[in-house]
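The values are calculated or read from the model by the stated rules, or taken from the named source; none is laboratory data. On a predicted model such as this, the values are computed, not experimentally measured, just so you know. Note that we place each Cβ from the backbone using ideal geometry, even for glycine, and neighbour counts take in every protein chain shown. Accessible surface is based on the protein model in full, side chains and every heavy atom, while ligands, DNA and RNA are left aside. Shrake-Rupley method; radii C 1.70, N 1.55, O 1.52, S 1.80 Å.
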Amino acid sequence: MSTSYIRTICPFCGVGCGLVLEVRDGEVVRVFGEKEHVLSKGRLCGKGASSIRSLYSKDRIIYPLKRVGDNFITIGYDDAIKEITEKLLDIRDRYGGKSIAIFGGCQNTLEETYIMGKLARFLGSNNVDSCARVCHEPSAMALRETVGIGGSGVSVEEVPRAKVIVIAGESITESHPVLVDYFLEAKRNGAKIIVIDPRVTPTVRLLADMHLQINQGTDIYLFNAVANYLIQSGKYDKEFVESRTKGFEEYREVVRDYSIEDAEKITGIPKDEIVRFAELISTKPTIFSWGLGLSEGGGVNAVRAYLDLMLLTGNVGIDGGGPLVFRGQSNVQGSGDLLKPNRFPNGDINEENARKLAGVWGFEPPLYKGLTVTDTFLRDNDIKAVILFNFNVTHSLPNRDRVIKKLKELELLVVVDAFMNETARYAHYVLPTAMWAEEEGSVVSLDRLIKWRFRAVNPPGDAKPTLQILSDLGAGLGLKIPTDPREVFEEMRRVVPLYGGLDIKEVMDHSANSRFPNRELVLYKDRFLTPDGFAHFRPVRYVDRVRNGLVLITGRVVTHFNTDTLTGRQWLSKLEEVVYINEEDARRLGIRDGDMVKVVSGCGEVIVRARLSRDVKVGHAFMVNSLSITNNVVCDELDEESRIPLYKSTVVNITPIHP
Ligand code: SF4
């Protein structure tokens, strides 16, 4: 019996914990935390600890499938690749490259993601995107324009050095459990933790010294009022603002209209708490951390207003302070860096960058701005063919009926996945893919740490590594693509300026600090990475939203992960189809605990059980996003600039169904 121990990275959240897989006779039999990993140091949460179960799930797809009428038949891998590539070329000939789109989930490695973008450009398409669009595109946009890089400016290792930590719109005890130890250490060192959330979450209970129980979607008012207070009382960092930022005068003019008194009425947070919050964040060092409550609640403007406060208090570019983004998946940072319809992997879409790409790729990419995944599935367009790599859009995107309608209209839908998920049911071809432990390549954590997943075992049946599938599709289309991720990594390093300073040996050594761009734990100490080297205020105004009903918030629970494709196969417990509402709202609506209720929004309705909870603020409701029915009622309002769906702001009416 042969036993080996293979290092990899957890397939779930953006903490990117190091795992060691014990492999016996070609099968992974045990998983444990990797003590040498620079960040996780042997820690694991329940999701990581049970991660190997889904590898051996009985319902994995192991042979390619082809739709015939309403059924699927198995088809040989080579035949499937041949038919798919012929159809893609035919569609390109008839409608042009603009009619084709390639979208990837955020579990794909950097190498796979980079090649998806290259392959689409070879076909004449800039319609490329990833599920980073629907979680942190607003964060990446706001960070890039404010400080330079669309990622965390401070590493998790700096958390214990902070004096104040703000957590806006995330329950890390549910979503990023291993981070909690770092926050507890900060508390032991005397840090004050402020949580901004409409719900009383487990994170509030465990970590918060102060809970700002905000009305959903009013963050901009809060942040602008706090800014005005700090400016008027002279408690902002004048020296930092004068020497390292631009745009302060315009910012001061905008926030002048926002008072603490009105903030109390609009946000629902008592005035004295708002003032205390303002005083606390003017301490140094403060970490401004946030999650989807901010980005999916208020879009790019909410993140801008938050980052403006960070600049105003001079809390960036210092040890133990700066922006920290809670990225939800193991490679969401990397997917957002590499796969965008309005950017090349080497920067803006323009002729100069296209020429540089042609120097490496051997062909020039198109120059038009492509479509986002949300515009493809939620708005009218001329897309005829879509390839989805590990991206279950039917579950992930809002307004499910509209997504399904678009899927059915496509002339060609290819789903590359390990499971027959809700989206695969509408595919013309399904290609089975290797899972995380069955292939290799690099992924980027929520604090820019790039680490390599080593292959532990072979995929079952005809399932192939995603890079192999991309290479075979490329061969059929006339583009040579290496199957060795090391080769792709080196090409990517030459193309992507952010990754140019990486060393593959450090990436493969899980004990090394291999953060991009140059191993910094704290970015921007001397200079911001904006074109002029300064940080830029981006003042924004609060826009009130009409609320004729309860505001439905969606979010995570610790035992389930995103679309539940993996965790649904790991745990014995199934998620209960439930909506949580406050007791006061329930009384008003005639709803008792356990009643079946109808939840109706502007785009759909579901029938679920009601659970009464004091943890949900009056005027709000809560459903878990891993429930596939949740997106039947979450509507498809998109943030104007970042095109993220505002998942956490759907107005719903809830009525009891009494027998
Ligand atoms: Fe995996 Fe995140 Fe849990 Fe770490 S904290 S084991 S990366 S799910």
| field | Index of the failed condition, residue 281 passing every other in (1) outside the structural domain of residue 218 (by TED's automatic domain parsing); (2) over 28 Å from residue 650 (Cα atoms); (3) open to solvent by less than 10 Å² (accessible area, probe 1.4 Å) | value | (1)
| remark: Going through segment 129-170 in order, the residues found to be open to solvent by less than 10 Å² (accessible area, probe 1.4 Å) and within 16 Å of the ligand (Cβ to nearest atom) are 136, 152, 155, 156, 159, 167
| request: Pull up segment 1-20, narrow it to residues that are part of a strand (DSSP E or B) and near the ligand (Cβ under 10 Å from one of its atoms), then point me to the one that is nearest to the chain's Cα centre (by Cα). | output: 9
| remark: Scanning segment 42-63 residue by residue, those of a type in the set (Gly, Ala, Ser), out of contact with any Asp or Glu (no Cβ under 8 Å at 6 or more places or on another chain) and either near the ligand (Cβ under 10 Å from one of its atoms) or more than 11 Å from residue 435 (Cβ to Cβ) (or both) turn out to be 46, 48, 49, 50, 51
| For residue 348: the one exception among (1) open to solvent by 40 Å² or more (accessible area, probe 1.4 Å); (2) within 23 Å of the chain's Cα centre (by Cα); (3) in contact (Cβ under 8 Å) with a residue 40 or more places away in the chain | (3)
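Only residues that are under 20 Å from residue 144 (Cα atoms) and in a loop (DSSP other than H, G, I, E, B): list them for segment 350-369, please.
Taking segment 350-369 first, the residues under 20 Å from residue 144 (Cα atoms) are 350, 353, 369.
Within segment 350-369, 350, 369 qualify.
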| request: Confirm whether residue 87 is assigned to a strand (DSSP E or B), of a type in the set (Lys, Arg) and open to solvent by 40 Å² or more (accessible area, probe 1.4 Å). | output: no
| message | Being surrounded by fewer than 23 Cβ atoms within 10 Å (Cβ to Cβ) and among the aliphatic types (A, V, I, L, M) is the requirement here; does residue 75 meet it? | response | yes
| message | within 16 Å of the ligand (Cβ to nearest atom) and modelled with pLDDT of 95 or more: which single residue out of 31, 68, 23 fits that description? | response | 31
| task | Please name all residue pairs, on different chains or six or more residues apart, with Cβ atoms under 7 Å, provided the first residue is in segment 258-272 and is within 19 Å of residue 551 (Cα to Cα) and assigned by TED's automatic domain parsing to the domain that holds residue 230 and the second residue is surrounded by fewer than 14 Cβ atoms within 10 Å (Cβ to Cβ) and at pLDDT 95 or above. | result | 264/270
| field | Qualifying positions in segment 1-21 - surrounded by 23 or more Cβ atoms within 10 Å (Cβ to Cβ) and hydroxyl-bearing (Ser, Thr, Tyr) | value | 8
| Can you tell me which residues in segment 308-339 are open to solvent by less than 10 Å² (accessible area, probe 1.4 Å), in contact with a Pro (Cβ under 9 Å, 6 or more places away or on another chain) and modelled with pLDDT of 90 or more? | 308, 310, 315, 316, 320, 321, 322, 338, 339
| said: With the condition being in contact with a helix residue (DSSP H, G or I) (Cβ under 9 Å, 6 or more places away or on another chain) and over 22 Å from residue 617 (Cα atoms), I'd like the helices (runs of 4 or more DSSP H) fully within segment 231-310 carrying at least 2 qualifying residues. | reply: 238-244, 248-255, 271-281
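Among 179, 212, which is among the hydrophobic types (A, V, I, L, M, F, W, C), within 16 Å of the ligand (Cβ to nearest atom) and surrounded by 20 or more Cβ atoms within 10 Å (Cβ to Cβ)?
Working: 212 fails: within 16 Å of the ligand (Cβ to nearest atom).
On inspection, the qualifying residue turns out to be 179.
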| said: Could you check segment 182-209 and list, in sequence order, the residues that are over 25 Å from residue 16 (Cα atoms) and either touching a Phe, Trp or Tyr at 6+ places or on another chain (Cβ under 8 Å) or within 16 Å of the ligand (Cβ to nearest atom) (or both)? | reply: 199
| field | Index of the failed condition, residue 121 passing every other in (1) assigned by TED's automatic domain parsing to the domain that holds residue 478; (2) more than 10 Å from the chain's Cα centre (by Cα); (3) not in a helix (DSSP H, G or I) | value | (3)
| message | Could you go through segment 108-119 and let me know if any residue there is of a type in the set (A, V, I, L, M), modelled with pLDDT under 95 and either within 25 Å of residue 341 (Cβ to Cβ) or within 16 Å of the ligand (Cβ to nearest atom) (or both). | response | no
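Those residues that are part of a loop (DSSP other than H, G, I, E, B) and either within 30 Å of residue 87 (Cα to Cα) or open to solvent by 10 Å² or more (accessible area, probe 1.4 Å) (or both), I need them from segment 22-49; list them, please. Even if it seems obvious, please write down each step before you answer.
We begin by selecting, within segment 22-49, every residue part of a loop (DSSP other than H, G, I, E, B); these are 25-26, 34-45.
25, 26, 35, 36, 38, 41, 42, 43, 44, 45 - these are the residues of segment 22-49 that are part of a loop (DSSP other than H, G, I, E, B) and either within 30 Å of residue 87 (Cα to Cα) or open to solvent by 10 Å² or more (accessible area, probe 1.4 Å) (or both).
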| field | Those residues of segment 543-555 which are surrounded by fewer than 23 Cβ atoms within 10 Å (Cβ to Cβ) and either at pLDDT below 65 or under 13 Å from residue 217 (Cβ atoms) (or both), in sequence order | value | 543, 544, 545, 546, 547, 551
| request: Give the number of residues within segment 311-349 that are in a loop (DSSP other than H, G, I, E, B) and either more than 16 Å from the ligand (Cβ to nearest atom) or among the basic types (Lys, Arg) (or both). | output: 16
